[in-house]
Amino acid sequence: MAHHKYHHDDEEDFGPSKSELKRASKALQDLGAELVELGKERLAKVPIDEDLRDAVKDYQRFTAHEARRRQLQYIGKLMRNVDPEPIRAALDAFKGVSAVETAKMHRLENLRTQLLEDEKVLHTIAETYPGADLQQLRVLRRNALKEKEQNKPPRAYRELFRVLREIDEGATTPEEDGEVEQ
């Protein structure tokens, strides 16, 4: 009976089933599909090799449906040669960061609205952010109210938000500038 090479005991040597390989391939292709949806800044932060990065950038340039479909398959093929975990971790971090960023933006928008409704909110801002330039905020508030009154473009309104965001970021991040240089 030498013509029987495999016994039932040796089945584990065959590796993953065809279905398991297809599922793994589909998961990698789905991960590639998430990559192609990223903007340039976020894509640059994902730990991938240059071939994969170039393939993603090519996909983003293509407009024809069939070209994009083929490119996505190629990205899936390239994904088989990389460790997907660091990529998954980076994508998950973007999703978490975006939720935090959205909440922060809403908080700052509410602060701007409160400031426009009541100048006394400047005292709260001064207590929360000791380094805030209250004079600048006062001028921007006045200009934003004037713009709204005169139906002008909301330049000061936007500038007020930008300044509040800078103040908030300055308060939430420790004085890294001095620490890094030492």
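The values are calculated or read from the model by the stated rules, or taken from the named source; none is laboratory data. This is a predicted model, so every value here is computed, not measured. Neighbour counts are summed over all protein chains in view; Cβ atoms, including those assigned to glycine, are modelled from backbone coordinates with ideal geometry. Ligands, DNA and RNA are stripped out before the accessible areas are found, and what is left, the full protein with its side chains, is counted by its heavy atoms. Shrake-Rupley method; radii C 1.70, N 1.55, O 1.52, S 1.80 Å.
Computed values, structure above
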read-out: Residue count for region 1-20, restricted to those that are at pLDDT 85 or above and either open to solvent by less than 100 Å² (accessible area, probe 1.4 Å) or among the polar types (S, T, N, Q) (or both); value: 3
read-out: Subset tally (residues that are within 16 Å of A27 (Cβ to Cβ) and open to solvent by less than 100 Å² (accessible area, probe 1.4 Å)) for region 49-85; value: 10
read-out: Per-region count, region 83-116, residues farther than 27 Å from L52 by Cα and either among the polar types (S, T, N, Q) or outside any helix (DSSP H, G or I) (or both); value: 4
read-out: Leading residue by the ranking (least open to solvent (accessible area, probe 1.4 Å)) among those in region 21-40 that are among the hydrophobic types (A, V, I, L, M, F, W, C) and more than 13 Å from Y59 (Cα to Cα); value: L31
read-out: Members of region 131-151 that are in a loop (DSSP other than H, G, I, E, B) and either modelled with pLDDT of 90 or more or among the aromatic types (F, W, Y) (or both); value: A132, D133, Q150, N151
read-out: Residue under evaluation K104, criteria (1) over 14 Å from R42 (Cα atoms); (2) open to solvent by 90 Å² or more (accessible area, probe 1.4 Å); (3) of a type in the set (D, E, K, R), criterion not met; value: (2)
